[in-house]
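Structure first, commentary second.
The values are calculated or read from the model by the stated rules, or taken from the named source; none is laboratory data. Predicted, not measured: the structure shown is a model, and the values here were computed from it. With ideal geometry, Cβ positions are generated from the backbone for all residues, glycine too; neighbour counts draw on all protein chains shown. Side chains are part of the model used for accessible areas, which takes the heavy atoms of the whole protein and leaves out ligands, DNA and RNA. Shrake-Rupley method; radii C 1.70, N 1.55, O 1.52, S 1.80 Å.
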Amino acid sequence: MNKMDQIQHKFVDIRGLKIHIAEIGTGDKVVVFLHGFPEIWYSWRHQMIAVANAGYRAIAPDIRGYGLSEVPSEPEKATFKDLTDDVLAILDSYAIPKAFVVGKDVGAITAYHFVVAHPERVNGVVTLGVPYTPPGHSFTFEGQIPEGFYILRWQKPGRAEADFGRFDVKTVVKNIYILFSKADIPIAEKDKEIMDLVEPSTPLPPWFTEEDLSVYAALYEKSGFRTPLKVPYRSLQEDSRETNTKVETPALLIMGDKDYVMKMPGMEKYIKGGEVKEHATNLDIIFLPDGCHFVQEQFPDKVNELIISFLSKHI
């Protein structure tokens, strides 16, 4: 039997919304996987099967407003705090006292917000593609980065909607996957849009199949992009109001050394110069040679090995 068929799906009522949750494995050693954008529970398929085989229970929600999870009635009001509160409510609804949290991108930010707010519920935290930055710490984009920088573009209400609206959902997801798997930050020229950065004939990355793309497209066709544009892109300045933001929980950062995030102003120095370890004091950092922003799909075996080794050290 195909292992993917053993992943079970259910809808759980979480804080008034029906949240879609994929899970595999049993027992009280639990790993919660939080996806990024333009990803979905499915982007953790390789890791979920691997940790289940290693004796853990894997739980991966589609975050609110993404994929098969219900879209909030006012997506424009969604916040990172909502995502953090959803993680807590998921653990509570499953009666899980403590879990490992693994996050990518948006999910990485949520994972650390969760650790800061509820350290007693977390055995350890793993993030991919995004390091821990304490609330209030910002890498200044203004002035250092052209106005065509994709985050600045997507923060402007209406701009991404008009750009994405010219294409079907599948093409939008495909284009973002292609852009985010490169080693350079997506930056559009003044009179061009982010979607224009991808030639229509560009092939998918070799580790991402047409079938994978169809799965993503079907899920985003259901949810649309309203919530994803709000969280993360239009919520990055949100104040978490947490005062003690030092993370002492065991932590692991996995970065591809060709991840475009490393090119963001100040990012390489922040990670390699050691500042990140002042904020996450129990952090290990591992760079994967040739790894892009989607290392968990590009090099699943390596990433699985790193995650499972971290879990077994801190259970």
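Enter the Cα centre distance for the pair the stretch 169-220 and the stretch 9-57, rounded to the nearest angstrom.
Value for the Cα centre distance between the two parts: 25 Å.
Mind checking which of 149, 162, 96 is farthest towards the positive end of the chain's charge dipole, using Cβ charges of +1 (Lys, Arg) and -1 (Asp, Glu) about the Cα centre?
Result: 96, furthest along the dipole toward the positive end.
Can you tell me the length gained on complete extension of the stretch residue 302 to residue 221, counting 0.36 nm per residue apart and subtracting the Cα distance?
On the way: separation 81, 0.36 × 81 = 29.16 nm, distance 3.13 nm.
Answer, rounded to one decimal: 26.0 nm.
Would you mind classifying the stretch 148-202 by shape? Square roots of the alpha carbon gyration tensor eigenvalues, ordered a ≥ b ≥ c; an a/c under 1.5 is rounded, otherwise it is prolate if a/b is larger than b/c and oblate if not.
Values: a/c = 1.62, a/b = 1.12, b/c = 1.45.
Verdict is oblate for the stretch 148-202.
What accessible area, in Å² to the nearest ten, does a 1.4 Å probe give for residue 94?
40 Å²
For the chain, with every protein chain kept in place, what is the accessible area per residue (1.4 Å probe, Å²)? Could the numbers behind the result be given before it?
On the way: 13170 Å² over 315 residues.
With all protein chains present, the chain gives 42 Å² per residue.
Would you mind telling me the share, in percent, of accessible area of the stretch 43-132 contributed by carbon and sulfur at probe 1.4 angstrom?
Details: 1350 of 2400 Å².
Ligands and nucleic acids excluded, carbon and sulfur reach 56 percent.
Please work out the Cα convex hull volume for the chain and give it in Å³ per residue. Show your work: numbers first, answer last.
Working: hull volume 39.4 nm³, N = 315.
Measuring per residue, one finds 125 Å³ for the Cα hull of the chain.
For the chain, list the DSSP H helices whose alpha carbon atoms reach 15 Å or more along the long axis and whose average Kyte-Doolittle value is 0.5 or above? Numbers along the way, then the final one.
Numbers: long enough: 80-93 (20 Å, 0.38); 106-117 (17 Å, 1.64); 169-180 (16 Å, 1.24); 210-223 (20 Å, -0.48); 300-314 (21 Å, -0.07).
Long hydrophobic helices here: 106-117, 169-180.
If Rh is defined by the Kirkwood formula over all Cα pairs and Rg also comes from Cα, what ratio Rg/Rh do you get for the stretch 170-315? Present the calculation step by step, with values, prior to reporting the outcome.
Details: Rg = 17.6 Å, Rh = 17.8 Å.
Radius of gyration over Kirkwood radius for the stretch 170-315 works out to 0.99.
Roughly speaking, what is the stretch gain from residue 189 to residue 15, that is 0.36 nm per residue apart minus the C-alpha to C-alpha distance, in nm to one decimal? If you can, show how the numbers build up before the last one.
On the way: separation 174, 0.36 × 174 = 62.64 nm, distance 4.16 nm.
Stretched out fully, the residue 189 to residue 15 stretch lengthens by 58.5 nm.
Considering only the other residues whose Cβ falls under 11 Å of the Cβ of residue 32, what net charge follows from Lys and Arg at +1 and Asp and Glu at -1?
+1
Give me the percent of the accessible area of the stretch 221-315 that comes from carbon and sulfur atoms, probe 1.4 Å, all protein chains in place. All intermediate terms of the calculation are to be shown ahead of the outcome.
On the way: 2150 of 4570 Å².
Carbon with sulfur: 47 percent of the solvent-accessible area.
Under a point-charge model restricted to the Cβ atoms of Lys and Arg (+1) and Asp and Glu (-1), what is the dipole moment magnitude of the chain relative to its Cα centre, in debye to the nearest 20?
Numbers: 35 positive and 44 negative charges, 78 e Å.
Its charge dipole is roughly 380 debye.
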